[in-house]
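Working notes, structure below.
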Amino acid sequence: MKRVQRGEVAIPTSITRRLWAFFHRLASPRYFYELAGKLVPWLGWGTVLLLAAGLYGGLWFAPADYQQGDAYRIIFIHVPAAWMSLFVYVLMAGAGFIGLVWRIKIADVVAKTCAPIGASFAFLTLCTGSLWGKPMWGTYWVWDARLTSELILLFLYLGYIALESAIEDRRTAARASSVLALVGVVNIPIIHYSVDWWHTLHQGPTVFKLGGPSISLDMLVPLLLMTLAFKLFFFTMLLVRARTEVLEREANSAWVRETVTSQ
Amino acid sequence: MSGTGPLGAAGAVLRRDLTLFFRHRSDIINPLLFFIIVVTLVPLGVGPEESTLRVMAPGVVWVAALLAAMLSLEGIFRSDFDDGSLEQLVISPQPLALLVLAKVFAHWLVSGLPLVVLGPVLGASLFLPDRAMGTLVLSLLLGTPILSLIGAIGVALTVGVQRGGVLLSLLVLPLYIPVLIFGASAVSSAAAGLPVIGPLALLGALLALALTLAPLGAAAALRISLS
């Protein structure tokens, strides 16, 4: 066995070793910055294309619902945003966990960057939901289980952001808010089911039901396209914001000064 | 002999904290006064009709308990952080989670237990039926320790932050929601003459979960805040 010198990358002999080398390089802020810079245009254009296709499919191609008419079309924004708001929280907690355990700077950056985007998705979900609720339920807000859970998710995001910004030291802020995100992940299912349960006790005036027994394919395809578009949009935003965050955190290093002055 | 093993250390922390609390009685009494005043405000706000208040009583008592518990949370770690004894706890060779559990237990004895005692009195002032009193006491007995345990994580995270009080409420209150839901619904069910075993069992499950996980979380958070 040849001993690998510090700073030298082992010669990749197998897939796993190559993968590990990739992860090790990914943990370096500079490599991450450059890789993210290359990925952003691809993700951005992918978002634009999928969004165009999804919106065309959702707004023109998909038939009107037999009960809700055209008003249901807001689900093409609402449902992907709701899914993303949960996905982003889990990703944030996962990144926080990685940052806590392996102390990888990039994981801290990703976790911090997730929070405002995830909060925006949660907010968008609530806004579109209440806009849909006005014609459908006759009111902007109902204490429905799902609405309430989503609102609490938004609060969890805001708490995370508040804690992260309240602590001066970046490293401490990242670790403290990661602990909070992990506590939140344990609590999200509990909160969700307790709110569900609460709702069945206090039966509301209306219960959310989807138009038919199952969603038609003409509606499902645009919905899936929009979901993918939202996912790509999220990753685009994540990388754009993470790059800025990396520059800010590494402001004292030589490569950042070179990058900034050369532009 | 005490103070040698982990349990001895936990016992010493418990005794020390209780002594400290009893020498600063206003720290204990102020949240209780707050509890009473909040409940008193409700009839003034919504009117004195017995039928309205009777329906609202479980929720009002539980919400007020939640707020009072949250107000007293800072007492778990704040003064120890300020005088440096928290650092001594963290660097001591004993398991930090156990010491945290002892501190939380001491805090619950002086802040949570009085809420359990006061709960029925305030419930009665809101015309809560007598048959719901036992459930109210039981639900508070199961629920308030959860509030202290979850709150300990929040305090541990914010203890190094200047003016962390509002921040703490932002972090902790969303996590209190399940306790509020099960606690209040147990009391409502009891008032309506329905079985209460379901929500009480769930509260018990939450307590078991919080008792096992929260001290670990709070210990990790303390290590971060003090690093």
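The values are calculated or read from the model by the stated rules, or taken from the named source; none is laboratory data. Keep in mind the model is a prediction, meaning the values are calculated, not measured. So basically every Cβ, Gly included, is an ideal-geometry build from the backbone, and we count neighbours across all protein chains shown.
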Quick one: in segment A:127-171, which of the residues that are of a type in the set (Lys, Arg) and crowded, with 16+ Cβ neighbours inside 10 Å is nearest to B:Gly164 (Cα to Cα)? A:Arg170
What residue, among those in segment A:22-35 that are at pLDDT below 85 and in a helix (DSSP H, G or I), is farthest from A:Thr236 (Cα to Cα)? A:His24
Kindly check whether there is at least one residue in segment B:190-198 that is surrounded by 21 or more Cβ atoms within 10 Å (Cβ to Cβ) and within 11 Å of another protein chain (Cβ to nearest Cβ). no
Could you please give the count of residues in segment A:170-184 that are more than 19 Å from the chain's Cα centre (by Cα) and within 9 Å of chain B (Cβ to nearest Cβ)? 4
Restricting to segment B:200-221, name every residue that is at the interface with chain A (Cβ under 10 Å from one of its Cβ atoms) and over 18 Å from the mean Cα position of the chain (by Cα). B:Ala220, B:Ala221
I'd like the full set of residues that are facing another protein chain (nearest Cβ under 7 Å), in a helix (DSSP H, G or I) and free of Cβ contacts under 8 Å to residues at least 12 places away in the same chain, limited to segment A:153-169. A:Phe155, A:Ala162, A:Ala166
Test for B:Val110: is it at pLDDT 90 or above, crowded, with 24+ Cβ neighbours inside 10 Å and more than 16 Å from B:Ala64 (Cβ to Cβ): no
Please verify whether A:Leu131 is away from chain B (no Cβ under 11 Å), modelled with pLDDT of 85 or more and in a helix (DSSP H, G or I), treating the condition exactly as stated. yes
Within segment A:76-92, identify whether any single residue is under 30 Å from B:Leu222 (Cβ atoms), touching a residue at least 60 places away in the same chain (Cβ under 8 Å) and of a type outside the set (A, V, I, L, M), and answer yes or no. yes
